1. Just a yes or no: is a residue in the range 50-73 over 60 Å from the mean Cα position of the chain (by Cα) and part of a loop (DSSP other than H, G, I, E, B)?
2. Here is a list: K6, K18. Which entry is surrounded by fewer than 13 Cβ atoms within 10 Å (Cβ to Cβ) and outside any loop (DSSP other than H, G, I, E, B)?
3. Of the residues in the range 34-63, how many are over 18 Å from I15 (Cα atoms) and either of a type in the set (D, E) or surrounded by fewer than 13 Cβ atoms within 10 Å (Cβ to Cβ) (or both)?
4. Go through (1) modelled with pLDDT under 80; (2) farther than 23 Å from H92 by Cα for S49 and report which single condition fails.
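The values are calculated or read from the model by the stated rules, or taken from the named source; none is laboratory data. Being a predicted model, the structure only gives us computed values, none of them experimental. As a convention, Cβ positions derive from the backbone with ideal geometry for all residues, glycine included, and neighbour counts pool all protein chains shown.
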Amino acid sequence: METSHKIALSKCNRILKKNITNLGEVLDFLLQYGCLTWDERNRIGMEKSSDEQCQHLLDVMIRRGRKCYEYFLVALTSSGNNHIAEEIKNTHEKGAEEWKLESMEENISEKKRTINDLISRVNKLEGQLLLKSEKVEEAHVERIKTLEDIKELKEHTGKRDSDIRALITKNEELERIIQNLNSHIDYLKKEIQLKDYAIERMENDRRKTDSEHTKAMQDLRGQQQETHGVCEELMDRLTSQSKDIKALTKAFQNANNKGENYKISGPKHHQLRRENTMGSIKKDPHYLNGRMSTYAVNTASSKNKKSSD
């Protein structure tokens, strides 16, 4: 809906509320032609007074298009509200003329504003042009100076070209030297890598030999401890054997003394006593321990010889 139609409906608001009749027919007509929905029709009908119903209807119609405005006028004429429809049309025509005049005045004022803006912009541009013209003159003077400097530089370039060529040749020689140095550095890096690898291998071998050496030392210490224990056992057994030998010698001395004393009584009796003493010695546990200790010493010495081999 155009603004002129909205203005006409808003101006005829009071006339609609006071003079409209058969509002239900108007609503049904608008519902028939799709200007209202069932929900809107029911909401308008649920309003308490006719003024509120008219206000709700106008609020809905203002949001619709131009066709709904025309259908609204037709609904008014068909429901016996011709005078209201004519009033809305007349206010629309007057309002349209006024709106056109207002719009024209607004357009004129906008154009005046744009003209004033353009004038101000033109004045700014003129000032900028003046500044730029001054800068152009300065640039022209600088250009002349630069041309003179170029001429002087051209005169000196002949001398500088020879110097530049000599510098270029020196630069090429230096680049060759740098390339040779870089190649030598790469060779040294490779050699360093190989030496590092060899050092790493030697370090690994050293660690391996150290571990083997420590293991061998541990084994030797264990064997030493075992041999020390065996030696202590042998010493204990030797001491026990020495005691047994002393006891045996003492027993033999006693037996010999007793034999000399009993020579007078006869040889048979002396022989029996000697056999009895030898049997008692053989039955003595010290004697058996001495024989077993000598056997143990021989077996231990043989085992130590085998381990050392």
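1. First, pick out the residues of the range 50-73 that are over 60 Å from the mean Cα position of the chain (by Cα): 50-58, 61, 66-73.
With the extra rule that they be part of a loop (DSSP other than H, G, I, E, B), the set shrinks to none.
No - not one qualifying residue is present in the range 50-73.
2. On the way: K6 fails: surrounded by fewer than 13 Cβ atoms within 10 Å (Cβ to Cβ).
Within the list K6, K18, the selection yields K18.
3. So in the range 34-63, the residues over 18 Å from I15 (Cα atoms) come out as 34-48, 63.
Filter once more, keeping what is either of a type in the set (D, E) or surrounded by fewer than 13 Cβ atoms within 10 Å (Cβ to Cβ) (or both): 34, 37-40, 42, 45-48, 63.
Number satisfying all stated conditions: 11.
4. That leaves (1) as the condition not met.
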